[in-house]
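All remarks here apply to the structure that follows.
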Amino acid sequence: MEVTKETLENLRQDYRSAQLNDNDVNKNPIKQFEKWFAEAMTAEIFEPNAMTLATADKTGKPNARIVLLKGFDENGFSFYTNYLSQKGKELKKNPQACLVFFWGELERQVRIEGKIEKLSKEASEKYFHSRPIASQIGAIASPQSQVLNDRKELEQKFDELKTQYEGKTIPKPAHWGGYILKPTSIEFWQGRRSRLHDRIKFDLISGKWQTNRLAP
């Protein structure tokens, strides 16, 4: 199919699968997120924990990529990565970030803004060693975000490490570990007909969550 300006302009869906009423929203946004996340899993959405992580460098230039949520509770939302990657460098200089989940099959979106902190070394090591062996080796082999001469260079490094650590415990590299985003605002979006979507936003003010309905 040829993609034209008119084709793009006419791409649209009229959302009608559900609604988000004020009385139905849990007063605790973490509990509300847990409910929606469980429903995304029940719906067998492909990688429901896939989320956009948006960051900005010290000049304010934005950047975004998909990462995987690996835990959440009242303290925040956690994920793991290479601290020396582009996102790691940006978070070191500007520890503010935004997470976005989009579950298209349920016509839902969640946006979470907050401050980023590193997880403890113990938490990072525990998760690192729970990963498949190949993923552990991959975390060491890949100089994430750096320029490679070719893919063969990466695969050769992987094979060398695989031989080196065969039958051994693989140490977590110092440059790899977890982050937790401590939320200051969480917005739940439910698609509705005629673009009159439901948007319920929670803001953390003086340690308490305050709720508002936003215009779509």
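The values are calculated or read from the model by the stated rules, or taken from the named source; none is laboratory data. Given the structure is predicted, the values throughout are model-derived calculations rather than measurements. Neighbour counts run over all protein chains shown; Cβ positions are idealised from the backbone, glycine included.
Only one of the numbered conditions (1) in contact (Cβ under 8 Å) with a residue 12 or more places away in the chain; (2) surrounded by 10 or more Cβ atoms within 10 Å (Cβ to Cβ); (3) more than 14 Å from I112 (Cα to Cα); (4) not hydrophobic (A, V, I, L, M, F, W, C) is violated by P62, and that is (1). For region 180-216, filtered to residues that are part of a loop (DSSP other than H, G, I, E, B) and out of contact with any Gly (no Cβ under 6 Å at 6 or more places or on another chain), the residue that is surrounded by the most Cβ atoms within 10 Å (Cβ to Cβ) is G191. Could you please let me know if E44 is under 24 Å from R131 (Cβ atoms) and of a type in the set (D, E)? Judged against the criteria, E44 is a match. Scanning region 6-35 for residues that are touching a residue at least 40 places away in the same chain (Cβ under 8 Å) and closer than 18 Å to N75 by Cα yields a total of 6.
Residues in region 144-160 that are in contact with a helix residue (DSSP H, G or I) (Cβ under 6 Å, 6 or more places away or on another chain) and not in a loop (DSSP other than H, G, I, E, B): K157, F158.
The residues listed here are I186, I205, I170; of these, the one that is over 30 Å from L84 (Cβ atoms), at pLDDT 95 or above and among the aliphatic types (A, V, I, L, M) is I205. Do we have I30 as surrounded by 14 or more Cβ atoms within 10 Å (Cβ to Cβ) and either closer than 28 Å to P143 by Cα or not aromatic (F, W, Y) (or both) here? Answer is yes for this residue. Return yes when G177 is surrounded by 12 or more Cβ atoms within 10 Å (Cβ to Cβ), among the small types (G, A, S) and under 21 Å from N23 (Cα atoms) and no when it is not. Answer is no for this residue.
Do we have any residue at all in region 191-207 that's in contact with an Asp or Glu (Cβ under 6 Å, 6 or more places away or on another chain), within 30 Å of A123 (Cβ to Cβ) and in contact (Cβ under 8 Å) with a residue 24 or more places away in the chain? The answer is no, given that none of the residues of region 191-207 is in contact with an Asp or Glu (Cβ under 6 Å, 6 or more places away or on another chain), within 30 Å of A123 (Cβ to Cβ) and in contact (Cβ under 8 Å) with a residue 24 or more places away in the chain. Pairs meeting the criteria (first residue in region 139-158 and free of Cβ contacts under 8 Å to residues at least 60 places away in the same chain and of a type in the set (G, A, S), second residue part of a helix (DSSP H, G or I) and surrounded by 12 or more Cβ atoms within 10 Å (Cβ to Cβ), beta carbons under 7 Å, at least 6 apart or on different chains) are A141/L154; A141/K157; A141/F158; A141/L161.
Any residue at all in region 100-109 that's in contact (Cβ under 8 Å) with a residue 40 or more places away in the chain, closer than 22 Å to G71 by Cβ, surrounded by fewer than 19 Cβ atoms within 10 Å (Cβ to Cβ) and among the aliphatic types (A, V, I, L, M)? Yes, region 100-109 has at least one match. For the condition part of a helix (DSSP H, G or I), in contact (Cβ under 8 Å) with a residue 12 or more places away in the chain and either under 21 Å from N28 (Cα atoms) or basic (K, R) (or both), K115 does not qualify. Residue count for region 120-151 under the criterion of being at pLDDT 95 or above and over 16 Å from S85 (Cβ atoms): the result is 16.
To keep it simple, each residue is scored yes or no on (1) over 15 Å from the mean Cα position of the chain (by Cα); (2) of a type in the set (G, A, S).
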position	(1), (2)
S85	yes, yes
E90	yes, no
V100	no, no
L106	yes, no
E113	no, no
F128	yes, no
Q144	yes, no
